Each structure stands twice: as C-alpha cells, then as structure tokens.
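Quick notes on the structure that follows.
What follows is calculated from the coordinates using simple rules that are stated; it is not laboratory data. Note that the coordinates shown come from a computational prediction; the quantities given were computed from them, not determined experimentally. Cβ: placed from backbone, ideal geometry, glycine included. Neighbour counts: every protein chain shown.
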Amino acid sequence: MRFMMLSILAATLAAIPAPAAADARSAFDQVIADAQRVREEAQDVKQLLRSRDAGQAVVLQRVSVLETHALALKASISQLDAGEAGLTSTQLAAVERARAASETLLILLQNKTALLADAGKLERQRGLLRAKAEGIVARARLVEQQMARARG
C-alpha cells in the first residue's frame, strides 16, 4: 500500500513540471529559429553589399526584412523572459546574455539603416556596412548558441 501511494505521488510530482519545461523548450526553440533567420538574412545582406550591382533600393528592402526578423527575435526573447518562472538560474543568465546580444544587434541595425538612408554613403561605406552586417551575424549566432545551451 505504501509503495503504491509513493508511486502515485512520484508520478504526480513528475507530471507537474513537464508542461512548464515543454513551454520553455518551445520558447527556446522559437528564439533559436528567429536568431537563425536574422543570421541568414544578415549574411545575405553582407553578400549583397559585396556586389557593386546592388542598388540602394534592393539593399534597403533586404535590410527591412532583416529588421523585421530582428524585431521578432527581440519579441521572442521577451516572451521567454516573461515566462521565467520555470527557468533555472543558468537559463536566466543565458536569456540575459541573449537579450544583451539582441539589443546590440538592433543598435547595429539602426546604425546600418541610418547609413543606407543616403545613397552616396552606400557607395562610400560598403565596407563599413558589410562589417555591421558581420556584427549582426555574430550577435545572432551568439543568441543561437546561448539558447541552445540553455535549452539543453
């Protein structure tokens, strides 16, 4: 009888954290997917800037898509942070590092957009714009790595 009661108690306790863990895992997966989209789009923009044939309108359109992905990444990280009740201290630290990286990524993106506003600067500053794109790629990769480690 005692064994049966303990078995029921253990099964009940084991079942309670599962939904929270599953929700956190899917939130981590969402952040990783958003970071991958940001990284891939930034790499595409970087490649586009290598080509002298790419005009300002094309580059601005791709940067606009990149900005959309970056804002989705920030929202995903905020969602993960909002549901932090079931996260460990290590996971919370990883979320904080990911948030800092995404904020830096957005600042780089804003600077890039400001440089692209002037058509003359696009031609003169292609190297700087590629470097900013590489910085965005690095920050997105950092977010991916942090979230993959935290997810477990």
Item checked: Filtered residues of the range 107-123 (kept if charged (D, E, K, R), free of Cβ contacts under 8 Å to residues at least 24 places away in the same chain and either in a helix (DSSP H, G or I) or touching a helix residue (DSSP H, G or I) at 6+ places or on another chain (Cβ under 6 Å) (or both)) -> Lys121, Glu123
Next item on the list: Provide a single number: the residues in the range 102-152 that are within 21 Å of Gln47 (Cβ to Cβ) and not β-branched (Val, Ile, Thr).
Entry: 29
Next item on the list: For the range 17-27, indicate whether the set of residues that are farther than 30 Å from Leu122 by Cβ, among the aliphatic types (A, V, I, L, M) and surrounded by 14 or more Cβ atoms within 10 Å (Cβ to Cβ) is non-empty.
Entry: yes
